[in-house]
Every structure is written in C-alpha cells, then in structure tokens.
Amino acid sequence: MKLIIAIVNNDDSAVVASALTLEKFSVTKLSTSGGFLMVGNTTLLIGAEENDVPRVKEIINENSRKRDHTAPSVSSFGRGTNKHELSEDATVQVGGAIVFVLSVDSMDKY
C-alpha cells in the first residue's frame, strides 16, 4: 500500500479531489500554506495500492495547472529604503502539484 501526498494550489484542489473520488480513490484534504509566496494550497492524502499510483499521479497532473502570480517586491517587506534597493514586483509561476509517494506498512479503518 502507498500513501500519496499531493500539494496542490487551492484553485485546483476541489477539481483534483473530485476527479480522484470519481475513480473511487479515498482523499483527505488538509488546508496548508507555505513556500516562497505563502500562497494557499491544499495537501491531499490519498491511500492507494501500488499498481494504482500511476493512475493517481495522472489524475493529479491532468487537473492541476500552473499559473502566473505577481510576487511583491522586497520593498513591501520593509526593505529597499533607498532607490537603488527598490525592485519591481516579479511575476512567478505557481500551481501545478508536488507529489510524494510513501510506502505504508499498514492501514486500518475503524
């Protein structure tokens, strides 16, 4: 048995979870945030048999997309006090998914 941990953007989480549920995979959603931009994301916990892992990853890939996000300049964090240190906002790519697959020794439902 495998535990798949997928970190997806909040904008994609409902679609990804629904697509997984439609194919009878059990999904637990956790609201999380982190990374450079501290943007909202969702961590999905998915239990699957080893032979189902490729399909789970395919569903996640098909339903998560990357998008552009404007990151604030360093001056908005209290830095850049002189004109030479000021920088413009930067556009960065966010979204997609980060997927971890872990082996599980046992799993019980009570």
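The values are calculated or read from the model by the stated rules, or taken from the named source; none is laboratory data. Here the structure is a predicted model, which means the values were calculated and not measured. Cβ atoms come from the backbone with ideal geometry, glycine included; neighbour counts cover every protein chain shown. Ligands, DNA and RNA are stripped out before the accessible areas are found, and what is left, the full protein with its side chains, is counted by its heavy atoms. Shrake-Rupley method; radii C 1.70, N 1.55, O 1.52, S 1.80 Å.
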inquiry  = Please pick out the residue among Thr28, Thr32, Thr42, Thr21 that is open to solvent by 40 Å² or more (accessible area, probe 1.4 Å), at pLDDT 85 or above and within 15 Å of the chain's Cα centre (by Cα).
reply    = Thr28
request  = Filter segment 18-29 for residues that are among the hydroxyl-bearing types (Ser, Thr, Tyr) and outside any helix (DSSP H, G or I) and give the result.
outcome  = Ser26, Thr28
task = State which residue is modelled with the lowest pLDDT when the search covers only segment 46-72 and only residues that are within 18 Å of Leu3 (Cβ to Cβ), under 18 Å from the mean Cα position of the chain (by Cα) and in a strand (DSSP E or B).
result = Gly47
query = Can you name every residue in segment 7-17 that is part of a helix (DSSP H, G or I), open to solvent by 20 Å² or more (accessible area, probe 1.4 Å) and either within 10 Å of Asn63 (Cα to Cα) or among the hydrophobic types (A, V, I, L, M, F, W, C) (or both)?
reply = Ala14, Val15
